[in-house]
Every structure is written in C-alpha cells, then in structure tokens.
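Rule-based calculations on the coordinates, nothing more; no lab input. These numbers come from a predicted model, not from an experiment. Heads up, the Cβs are rebuilt from the backbone with ideal geometry, glycines too, and the neighbour counts pull from every protein chain shown.
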Ligand SMILES: [Zn+2]
C-alpha cells in the first residue's frame, strides 16, 4: 500500500474536522478572509491582489474591523512568503479574528491547507463567515469509483465522483446484443462467436487499465445483464491491481449509458459498504489480537497514551472530543501541554509552574489530530466513524482509543 492510501482516512478526517469547525465560526464584522489559490496561479500575483485588497480595506469605517481585516491580510502575506509557487493541488487559506466572548476577546486564527485534489478556483472573499463550500465539494469528489457496464455486445466505462458521473467511452464487439434476433447457430459459428467475445473481454480489460489504473479510485463496480460480467471477472482479463478493487458484480437490465445510471442506483449499498467494510476489518483485527494476547493491545485514552511508543496501529474514533492544548508563559517562555475534554477547558490560562505568571493558550487542536500527526510516520492510523456497530463499540466500550502494540 502506498503512503498516499495509508494516510488517506486521516488526511480526509483532518479536512472534514476543520470544515466543521470553520463552519461554526463567525466574525464580529465583515472580516473573515477566505483565499483559494489554484495550482497555476503565481504567488506574486496573489500577493499583489492582497495588497490591493489591503488598500481598499483601509477605507473601512469601523476601526476594529479595519484593523482586523488589515491584520489578517498581513498574516496571509507573511504565510505566502513561505511558498515560491503554490503546491501541486493549490492552497486554501482561512484567516480572521474570531470572537471568544465579549468584544475584545477576538483572536487571530490562520489555517493554511493543501487540498487533497487540485482546487480550480481563484477566490478572495472577506465576509462575516468563511467560504468553505468549494472545499466541501472537493472532499466529496474524492470518493471516486470506476464503473463498467457490459455484456458481450458492448461495454461502457464511467467514473463516479461524489454524485457526478462522467461517461468515458462505449466500445462494441460486433456480436449482436440479445435484443437482436438470433436463432440457433451452428456449432462452428458458436466457436467463432466465443473467440470474438474473448477478444472483446481482452479489450475491455485494456480499456479498464487505461481508464482506472493508478487513478486513485476507491473501488470498481461491474454490472450488466446476464452472465458475461462473470466470465469477464473470473477470466484473466483485469489487471490484478484493479481486480483487487472490484466491490461487486451487479445484475442490471441494460447496457450503455442507461445501464450506468441503473448501476449507480443499484450500487448504493455497495458504495456505502466499501467505506464501512474497512472499519469492520480494523475492529475485528483489534478484537482478534486482544483475544489472542491481551498484552498486545492498549485500550482507552490513558493506556494508549502510555504505550504509544510500542504501538503499531493506532485506532481512534472520529467522534472523540478531547483536545490537546499548549500553554506558554509570556514571562519566561515555559511551555506546558495538556490533554482535556472540551467542556473542561479552563476559561483562564494556567499559572506558570516556574514563575507564577498567567500562561497564554497558544494552540488548541483535536487530540486525535495531534496523536495522528505524531504517530503517522511510525505506524498506521485508523479513524473510525460511528456509522458502524464496530465504530460505536470503539467509542462506547473502548473510550474511543485503542492500539495494537508491537
Ligand atoms: Zn513563567
């Protein structure tokens, strides 16, 4: 498995988590900046546009809003200096002063992220909320599946991205479909027809490789009327990498584009299951290890944190609501890290154990993200939803944290 696939669930989780956090945030004025930079945009152009925005912002009437907008633009410009050019998929930046209570509690926040797929819009927006729709849509598009609808007369290839389907091509064999009239053929013609069908399956296999191999698809679904799809799947026509990705063979009534639409409708369960199947496997592996040798597992947050050095696989629930906080003493620079549950978050900073000064909270991130970042170069991170019974069990019986130890 490539690293790309290995950390997929974690990268996606991080972005989904960020999206849901940003969604709830609101500025006191029109002062939250969203900036989408496509891969080909020159950073120098973006910086020039931002300086123009800053000069427009200098006319804002409210003194606080003006200052916050100009500070945010300045923060973004500082961050952009770290890039010679945008990363391969572009760059998305959210920046603004977020209120934490009464006026005057605003804190400047900046989030810089590289999207999982190329972002194709250039957008600067200053509003009371962040613009996250384009990012949301992009995440949805990351669920990509290959579709083949076939019998021995024709085969249609399509790609499903989120809810969008794109039909790629239809190829034909010359063998009449079953809706064409055809009586009994003599045995020697039958053999020729079999040969033509075999060659057609070879071509279907070649097109499948061309369209889907190395394209980061999550699965492949093959549909069609009658038994030809089984002949194709069971024969040696599919590239072995793609064969592993086949989620199922589905009986449908039609071929062609109509067949593709029918296949998507019939495959809803299959698509849902492919996401959830992985969670089941992760959990079953954890249970099997525990039953076999309980010293090889760590269960619950406390034990997982204690034994993290020995862990090979770290399993966490997406629903965990613990946070990892970092405090810093403004007087002596002493730093303190703490893990807490959201509702226990101290309203005031802690006191510095060295000099007694009130410490500042300098960062707050979900504990899941913190642990996954720390751990991902040493082992596998698995995130579980609570959409499966297994995910529910991890959350309820295991406190949302477990690890398989080496
Ligand atoms: Zn101190």
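See the values below:
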item: The chain - Kirkwood radius from inverse mean 1/r over Cα pairs (Å); result: 25.2
item: Span from the region 251-269 Cα centroid across to the region 323-340 one, whole angstrom; result: 56
item: Between 0 and 90°, nearest 10: helix 187-212 axis offset from the chain longest Cα axis; result: 10
item: Full-extension gain in nm, residue 387 to residue 291, via 0.36 nm per residue minus C-alpha separation; result: 32.1 nm
item: Gain upon complete extension [residue 241, residue 164; 0.36 nm per residue less C-alpha separation]; result: 25.3 nm
item: Convex hull of Cα atoms in region 15-140, direction-averaged projection (nm²); result: 7.2
item: Mean-position separation - Cα centroids, region 81-114 and region 350-378, in angstrom; result: 19
item: Burial order of peptide ranges 123-132, 382-391 (average beta-carbon count within 10 Å, highest first); result: 382-391, 123-132
item: Simple spin-label estimate for residue 331 and residue 364 in nanometres, 7 Å along Cα-Cβ; result: 2.4
item: Gyration tensor (alpha-carbon) shape descriptor, region 237-285, a/c threshold 1.5; result: oblate
item: Full-stretch length increase - residue 234, residue 63 - with 0.36 nm per residue and alpha-carbon distance subtracted; result: 54.5 nm
item: Percent of beta bridges antiparallel (DSSP, the chain, rounded to nearest 5); result: 80
item: FRET efficiency for residue 52 and residue 191, using Cβ-Cβ distance with R0 set to 60 Å, rounded to 0.05; result: 0.20
item: For region 144-266, share of DSSP beta bridges that run antiparallel, in % to the nearest 5; result: 60
item: Acute angle (nearest 10 degrees) that the helix 63-80 long axis makes with the longest principal axis of the chain, alpha-carbon atoms; result: 60
item: Principal-axis tilt of helix 8-23 within the chain, Cα atoms, nearest 10 degrees; result: 50
item: Relative packing of 230-240, 142-152, 190-200, 314-324, which averages over residues the other C-beta atoms within 10 Å, highest first; result: 142-152, 314-324, 230-240, 190-200
item: Ellipsoid semi-axes in whole angstrom, largest first, where each is sqrt(5λ) of the Cα gyration tensor of region 144-266; result: 25, 16, 11
item: Residues in region 363-401 that a label on residue 278 would reach, taking backbone N under 13 Å of a point 7 Å out along Cα→Cβ; result: 381-385
